[in-house]
């Protein structure tokens with residue numbers, strides 16, 4: 001029987017899903033909860049990573065893979081020092097998510113922040129979907145670029161059906177069940 | 001009077017100097033010493049960073065600056081979690097070293113690992129200087145690309161005159177004097 005993970009060790013919580021699905025909101029809520037438990041936590045936000053580590057990269061498959069691998073490298077560094085790293089980035093490709101899971105020695109919890117693209121198009125708070133559909137933003141995940149849904153992720157939250165609090169509770173319960181919290 | 005730094009907080013130890021001057025050797029010796037003191041420590045090696053975060057970058061000034069800034073970003077993430085980060089990279093430009101010092105709120109110790117370029121050309125363990133002089137490696141720091149010496153760094157170690165142990169001792173003493181160890 002596998003020993004439960006040491007709670008003092010780090011872990012990556014990978015919030016993956018389409019743009020606008022609610023990843024960053026959930027990441028910040030989870031960060032607050034984990035901080036209140038006295039645990040070291042670091043949010044890695046996709047936009048911050050693009051700005052600080054990947055300004056050179058575009059949105060073709062090869063560049064997106066490279067961007068994900070850079071996030072994975074930073075995750076590895078941080079979890080080695082006992083940090084819970086909450087990644088809030090689209091992370092569209094299954095193979096690279098799996099690769100990061102391996103590189104982090106399976107200290108990796110995949111949270112699919114699921115929302116149907118039709119709901120996102122209707123909501124479209126930043127107007128990105130409208131521009132993507134009009135062809136003004138190429139390689140837009142869910143419109144003109146693929147999103148590969150998790151097949152065996154640890155948890156799915158459905159942000160078009162659940163409230164933020166319900167989604168957060170589901171994630172926290174999963175982390176407790178897996179002995180990460 | 002400025003309060004002494006909290007030893008539990010992180011700090012960046014920036015080992016800067018020419019290729020072959022002994023940065024990586026000193027980084028590993030320092031890592032061992034710090035680990036023995038029970039402190040969390042992470043070495044960021046220039047070659048690792050190039051491989052994991054900056055494969056796309058070359059060696060012109062703009063690319064080297066970007067590479068240094070990426071290292072700085074990772075340092076900031078790690079020191080926020082109490083880690084002593086030992087950077088072993090040429091870090092040739094004063095302005096970017098200073099920028100990282102600021103970004104790390106001055107929790108930054110600049111160690112100039114100094115060795116005259118003539119000694120490095122004679123030693124040339126990896127044959128890189130020979131190739132750089134022959135023009136086979138462009139933009140080689142100290143030969144065909146500038147190295148801007150620290151003007152107000154915390155410490156200088158002279159690896160052509162001091163033994164590894166002497167250099168290490170000098171760095172450790174500086175860290176103790178500054179209350180980082």
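Laboratory data are not the source of any read-out in this text; all were calculated from the coordinates shown. Being a predicted model, the structure only gives us computed values, none of them experimental. Note that we place each Cβ from the backbone using ideal geometry, even for glycine, and neighbour counts take in every protein chain shown.
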log10 of Debye I(q)/I(0), alpha-carbon scatterers only, for chain A at 0.17, 0.20 Å⁻¹: -1.09, -1.49
For region B:113-181, alpha-carbon Rg over 2.2 N^0.38 Å: 1.37
7 Å along Cα→Cβ, label-point gaps from residue A:103 to other copies, nm, shortest first: 1.9
Assume the label is 7 Å from Cα along Cα to beta carbon: what separations in nm does residue A:139 have to the matching positions in the other copies? 2.2
Shortest-first distances to equivalent copies, position residue A:166, nm, label 7 Å out along Cβ: 7.1
Using a ≥ b ≥ c from the Cα gyration tensor of region A:27-103 (square roots of the eigenvalues), is it rounded, prolate or oblate, where a/c under 1.5 gives rounded and otherwise the larger of a/b and b/c decides, a/b for prolate? prolate
With the calculation restricted to Cα positions, what are the radius of gyration and Dmax of the protein assembly as shown in angstrom? 22.7, 70
Ranked on Cβ counts within 10 Å of their own Cβ, fewest leading, A:160, A:145 go A:160, A:145
Order these by the 10 Å Cβ neighbour count, fewest first: A:54, B:88, A:163. A:163, A:54, B:88
In deg cm²/dmol, rounded to 500, what helix-only [θ] at 222 nm does the protein assembly as shown give when every DSSP H run of at least 4 residues adds -39500 (n - 2.57) and the total is split over its residues? -13000 deg cm²/dmol
Computed FRET value (nearest 0.05) for residue B:156 with residue B:179, which takes r as the C-beta separation and R₀ as 22 Å: 0.65
Percent RCO, i.e. relative contact order, over region B:1-147, from Cα pairs under 8 Å lying at least 6 residues apart: 38 percent
